[in-house]
Amino acid sequence: MMRTFKNIFWILLLAAIALGFAASARYFPGTAVFTAANTEAKMTLSVFALLLIALVAALIVFWRIIGMLTGIPSRWSNWREQSRENRSLAALQTATLALHEGRWTHADKAVKIAAKHPNAAGLAALLGAESAHAQDKPDQATSWLNQLDGLPDAAEFDDAQAMLHADMALAAGDASAALGHLDGVSHQLRKHSLRYRDLLVQSHAGAGHWHEVLQIALDKKWQAPIATKNKWHSAAIIGLIQDESSTAAYLSALYKDMPDGVRADDALMQAYTQALTALNAKGQARRVIEEGMRHTWRPVLLQNYVQAADDDSLTAQLKMLDAWEQQRTADNQPDAALYCAAGQLCYRATIWGRAKVRFQESLAIAPSVIAHHGLALTYRALEDDTHANEEDRKAAALAVL
């Protein structure tokens, strides 16, 4: 648009000059004489003015033609450079799509094309490394990452490079190396990157740093889904309770900080109550199980409940089992594990007849090694070796399956 206005301006200016000369020639007539050697040329001022304007216009046109001709090599070079850049950008797009779609061959070809242009070389190397890592080719991924070191803008890829190195180290089972790579990332990445937190918690878990895992899981600034945070919270507690230096008081403090989503993890509660029982905090283990059973039926905890029994708690535990049985019966959902646990506690309380009935009720619903073995012990307590041996055989047969 500006170029058009500029051209119009020059045309109008030349027209105004021509009109000026024409007016001057009308009111001030005269002759222009040019002499060269023995040749003399005469013309009126109006003709001279027109010729002068024509000459200026011709010079302008000639100058533009010269400029256009001399600029052809530069424009050709720019066109070729733009074409290469466009091709590299198109290759980067193809590589990114292919990488996310799992088309590794297409991704590898595209990044090799993109890497030929300096402006795309860094991102192409990073995508090439990610593609190689996804294909479990660590040497090829490392080769791609090494290409970043020689680029003018290599510093821009330091964080991404460190993250990918950490991911590769985790894949190789070297959590310590992964932590080393993550230590070198920038403060901004530590503050804002969810991917950094994911890799950090995985690295600490792989290295057995369960206190650090627990701190990350409890960090309110970690904007991860609740299910993800609860998963790592559970993993951290399982790791911590396996530490022989853990005390019952420490485990109790861990339990108080558990959100409901973590307490709902059966595997965690099994490991937790087993640890309490091993530390002779059986009363605490029983209370935890009873709290866990309050709103949700969790039969996997029944064996832990039996293991947490002591001589003074048997009566109270049997009453609790009766309450649970009434609830299950009211819901028309009898439970073999519940009857088996009741039989085990009755056996321990030397209530042989009731223990026998409970084990039989359990086996009527679902055969199990524990119930057959418990019934065999009960028969021996009742001095019925024939049936005891038969139950032992059934238990052994089930154990083989």
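The values are calculated or read from the model by the stated rules, or taken from the named source; none is laboratory data. Note that the structure is predicted; figures quoted are calculated from it, not measured. Ideal geometry is used to build each Cβ from the backbone, glycine not excepted, and the neighbour counts take in all protein chains shown. Ligands, DNA and RNA are stripped out before the accessible areas are found, and what is left, the full protein with its side chains, is counted by its heavy atoms. Shrake-Rupley method; radii C 1.70, N 1.55, O 1.52, S 1.80 Å.
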Exercise. Quick one: how many residues across region 241-262 are open to solvent by 50 Å² or more (accessible area, probe 1.4 Å), among the polar types (S, T, N, Q) and either in contact with a helix residue (DSSP H, G or I) (Cβ under 7 Å, 6 or more places away or on another chain) or under 17 Å from Val213 (Cα atoms) (or both)?
Worked result: 1
Problem set entry | Residues satisfying the stated conditions in region 131-141, i.e. touching a residue at least 24 places away in the same chain (Cβ under 8 Å), part of a helix (DSSP H, G or I) and surrounded by fewer than 22 Cβ atoms within 10 Å (Cβ to Cβ) | His133, Ala134, Pro138
Exercise. Given Ala166, Ala207, Ala217, which one is within 30 Å of Ala124 (Cβ to Cβ) and free of Cβ contacts under 8 Å to residues at least 40 places away in the same chain?
Worked result: Ala166
Exercise. Taking into account only those residues within region 263-301 that are of a type in the set (Val, Ile, Thr) and in a helix (DSSP H, G or I), which is surrounded by the fewest Cβ atoms within 10 Å (Cβ to Cβ)?
Worked result: Val300
Exercise. Of all the residues that make up region 302-333, how many are under 25 Å from Thr247 (Cβ atoms) and either open to solvent by less than 50 Å² (accessible area, probe 1.4 Å) or assigned to a helix (DSSP H, G or I) (or both)?
Worked result: 10
For this session: Return the total of residues in region 214-247 being assigned to a helix (DSSP H, G or I) and more than 21 Å from Thr273 (Cα to Cα).
Result: 8
For this session: Determine which member of the set Ala388, Ala336, Ala395 is under 21 Å from Arg286 (Cα atoms), among the small types (Gly, Ala, Ser), surrounded by 12 or more Cβ atoms within 10 Å (Cβ to Cβ) and touching a Leu at 6+ places or on another chain (Cβ under 9 Å).
Result: Ala336
Problem set entry | Subset of region 341-355 that is open to solvent by less than 10 Å² (accessible area, probe 1.4 Å) and in contact with a Ser or Thr (Cβ under 7 Å, 6 or more places away or on another chain) - its residue that is nearest to Trp324 (Cα to Cα) | Gly343
Exercise. How many residues, within region 125-169, are closer than 20 Å to Glu101 by Cα and among the acidic types (Asp, Glu)?
Worked result: 3
Exercise. Tyr255: under 27 Å from Trp324 (Cα atoms) and of a type in the set (Ser, Thr, Tyr), yes or no?
Worked result: yes
Exercise. Among the residues of region 152-169, which ones are in contact with a helix residue (DSSP H, G or I) (Cβ under 9 Å, 6 or more places away or on another chain), more than 15 Å from Thr142 (Cβ to Cβ) and in a helix (DSSP H, G or I)?
Worked result: Ala154, Glu156, Asp158, Asp159
Exercise. Filtering region 187-226 down to residues that are over 17 Å from the mean Cα position of the chain (by Cα) and of a type in the set (A, V, I, L, M, F, W, C), which residue is farthest from Ser176 (Cα to Cα)?
Worked result: Leu218
Seminar exercise, completed: Exactly one of Ala309, Ala381 is over 46 Å from the mean Cα position of the chain (by Cα) and not acidic (Asp, Glu), and that one is Ala381
